[in-house]
Amino acid sequence: MGSEMCIRDSCEGAMMAGGGIRKVAEAARAAYLALLGCTEEDKNAALRGMIAALARRRGEILAANARDCAAADELVAAGRLTAALRARLVFDDAKLAGAVAGLEQVLRLPDPANRVLWTMELDEGLTLRRVSCALGVIGVVFESRPDVVVQVSGLLLKAGNAGILKGGKEAQATNAALMAALREGLAASPAVSVDALQLLSTREEVRELLACDAEVDLLIPRGGKELVKQIQAGTRIPVLGHADGVCHVYVHEAADLAKAQRIVVDAKTEYPAVCNAAETVLFDRGGAARLLPPVVRALMAEGVEVRGCPETRALVPEAGAAGEDAWSAEYLDLIASVRVVADLAAAAAHINRYGSHHTDAIVTEDEAAAAYFCRYVDSAGVFVNASTRFADGFRYGLGAEIGISTGKIHARGPVGLEGIVTYKYELRGAGHAVGDYGPGKRSYTHRTPEPGAGCP
């Protein structure tokens with residue numbers, strides 16, 4: 001109760017002052033501008049404070065999550081929430097430990113801002129540098145998983161961004177408790193404003209946020225395609241994210257059976273309610289008789305409902321029938337579509353047509369087939385002999401992730417620290433003027449300085 005009230009009071013105080021969510025966004029922008037003057041140690045001190053506060057408030061956080069889970073159980077019983085989505089709400093000691101580990105990883109990573117990325121001497125004494133910098137104020141709207149609050153907050157802060165977060169209503173108490181702890185932790189660094197991290201609680205507040213294009217620089221939706229589409233359609237703020245997680249595992253005719261079983265079962269069942277879980281398994285016709293029955297039955301042994309094409313059902317009669325809509329379905333549950341394709345080229349064509357350009361894997365012992373797959377599958381992640389579940393910022397060593405992007409502009413795949421910074425150009429001269437250059441005047445040198453050469 002105390003943690004929830006802390007956040008509510010903070011947000012409502014800003015809104016009562018006049019302007020509602022715009023006041024919250026303005027406060028976040030002021031906090032971001034203050035962060036521009038923070039050193040890496042200033043930000044690391046805040047991160048250490050956040051880690052300590054999570055430990056201090058453990059009891060409150062777990063109690064809040066127990067309330068959310070009890071309410072979710074009632075929704076499941078009433079048929080208003082799936083068991084898979086209910087499982088995503090859990091924030092226990094293991095999840096808390098994982099969240100802390102993510103913050104500790106972010107703490108150890110180098111500051112992605114204020115790094116010189118590229119240098120060019122335009123003329124003697126006139127040097128141009130491309131320098132990394134924070135994006136600004138980032139709004140993150142996500143569903144279900146409360147650990148996202150911790151992951152996103154740590155990444156945003158380390159990169160020098162301010163964040164306005166909104167989680168799913170099913171985890172509202174947990175989200176509030178976590179944010180209260182994180183904001184308390186910011187006080188460990190006097191240079192960091194508590195307004196650098198803020199939490200919204202209602203859909204109406206999100207709608208108001210979408211209109212704050214003067215204060216908010218980027219929106220990142222994490223959730224189902226309807227959420228993503230609504231945000232994209234309702235704002236002039238740039239949006240980074242993905243609408244679907246229709247991931248594939250393609251079992252090539254040269255696949256090792258044991259590897260295929262292990263990878264397919266893991267990709268589908270390890271955590272079926274997340275976007276990097278496999279939804280469709282493809283089999284090469286040349287290897288289907290050898291590989292498909294044992295792999296499909298391994299899935300069934302784990303409780304997976306299999307919906308297959310006619311060739312699949314001929315090999316495994318107990319499989320259900322797949323309609324055309326099965327190939328583009330994102331189940332987020334223990335359901336898998338299975339299809340036999342003609343060859344490697346047909347597998348790539350199927351994935352590019354029906355997939356969501358998220359993460360797709362091939363199982364094969366043929367290096368040429370693996371190379372073809374990596375070249376021709378147009379996805380943010382293409383894996384060889386590994387589960388699609390590895391598509392994750394924490395597993396990539398990015399310090400968790402702020403989201404996954406299937407687009408091709410700015411950031412792609414799991415978005416860690418490098419994906420939430422941009423760059424600016426710094427030009428340093430000594431009284432140089434453009435009028436000094438041209439025919440019969442000075443010429444540009446456009447010389448790349450030698451490594452180690454200083455810049456004015």
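The values are calculated or read from the model by the stated rules, or taken from the named source; none is laboratory data. Note that the structure is predicted; figures quoted are calculated from it, not measured. Note: ideal-geometry Cβ built from the backbone for every residue, glycine included; neighbour counts use all protein chains shown.
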Please name all residue pairs, on different chains or six or more residues apart, with Cβ atoms under 8 Å, provided the first residue is in region 98-126 and is in contact (Cβ under 8 Å) with a residue 12 or more places away in the chain and within 15 Å of LYS43 (Cα to Cα) and the second residue is basic (Lys, Arg) and assigned to a helix (DSSP H, G or I). VAL106/LYS158; LEU107/ARG48; LEU107/LYS158; LEU109/LYS158; ASP111/LYS43; ASP111/LYS158; PRO112/LYS158
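Among the residues of region 323-348, write down those that are surrounded by 15 or more Cβ atoms within 10 Å (Cβ to Cβ), outside any strand (DSSP E or B) and of a type outside the set (Ser, Thr, Tyr).
ALA326, TRP327, ALA329, GLU330, LEU332, ASP333, LEU334, LEU344, ALA346, ALA347, ALA348
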Of the residues in region 279-321, those that are closer than 23 Å to VAL377 by Cα and not in a helix (DSSP H, G or I) come to GLU279, THR280, VAL281, LEU282, PHE283, ASP284, GLY308, CYS309
Pick out the one residue from PHE383, PHE373, PHE394 that is among the hydrophobic types (A, V, I, L, M, F, W, C), touching a residue at least 40 places away in the same chain (Cβ under 8 Å) and buried (at least 23 other Cβ atoms within 10 Å of the Cβ). PHE373
Working only within region 54-109, note down all residues that are assigned to a loop (DSSP other than H, G, I, E, B), of a type in the set (D, E, K, R) and in contact with a helix residue (DSSP H, G or I) (Cβ under 8 Å, 6 or more places away or on another chain). ARG57, ASP92
Of the residues in region 206-224, those that are surrounded by fewer than 19 Cβ atoms within 10 Å (Cβ to Cβ) and within 15 Å of LYS169 (Cβ to Cβ) come to ARG207, GLY224
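From the set of residues in region 342-394 that are of a type in the set (Asp, Glu) and within 21 Å of GLU330 (Cα to Cα), which is modelled with the lowest pLDDT?
Restricting attention to region 342-394, the residues satisfying the condition of being of a type in the set (Asp, Glu) are 343, 360, 365-367, 378, 392.
Now restrict to residues that are within 21 Å of GLU330 (Cα to Cα): 360, 378, 392.
On the way: ASP360: 98, ASP378: 96, ASP392: 89.
Taking the candidates together, the pick is ASP392.
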Anything in region 42-100 that is in contact with a Lys or Arg (Cβ under 7 Å, 6 or more places away or on another chain) and under 22 Å from PHE394 (Cα atoms)? List them, or say none. LYS43, LEU47, ARG88, LEU96
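So, ALA97, is that one aliphatic (A, V, I, L, M), in contact with a Gly (Cβ under 9 Å, 6 or more places away or on another chain), farther than 30 Å from TYR437 by Cα and surrounded by fewer than 24 Cβ atoms within 10 Å (Cβ to Cβ) or not? Before you say what the answer is, go through the steps one by one.
Details: aliphatic (A, V, I, L, M): yes; in contact with a Gly (Cβ under 9 Å, 6 or more places away or on another chain): no; farther than 30 Å from TYR437 by Cα: yes; surrounded by fewer than 24 Cβ atoms within 10 Å (Cβ to Cβ): yes.
Criteria not met by ALA97.
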Answer residue from region 139-190, given it is closer than 23 Å to LEU81 by Cβ and of a type in the set (Gly, Ala, Ser) and is surrounded by the most Cβ atoms within 10 Å (Cβ to Cβ) among those: ALA177
Somewhere in region 18-28, is a residue among the acidic types (Asp, Glu), surrounded by fewer than 22 Cβ atoms within 10 Å (Cβ to Cβ), at pLDDT below 95 and closer than 24 Å to CYS212 by Cβ? no
Failed condition for MET300, given (1) without any contact (Cβ under 8 Å) to a residue 24 or more places away in the chain; (2) buried (at least 20 other Cβ atoms within 10 Å of the Cβ); (3) within 20 Å of TYR271 (Cα to Cα), with all others met? (2)
Check ALA255, ALA267 and return the single one that is touching a Ser or Thr at 6+ places or on another chain (Cβ under 6 Å), assigned to a loop (DSSP other than H, G, I, E, B) and either over 15 Å from ALA336 (Cβ atoms) or at pLDDT 95 or above (or both). ALA255
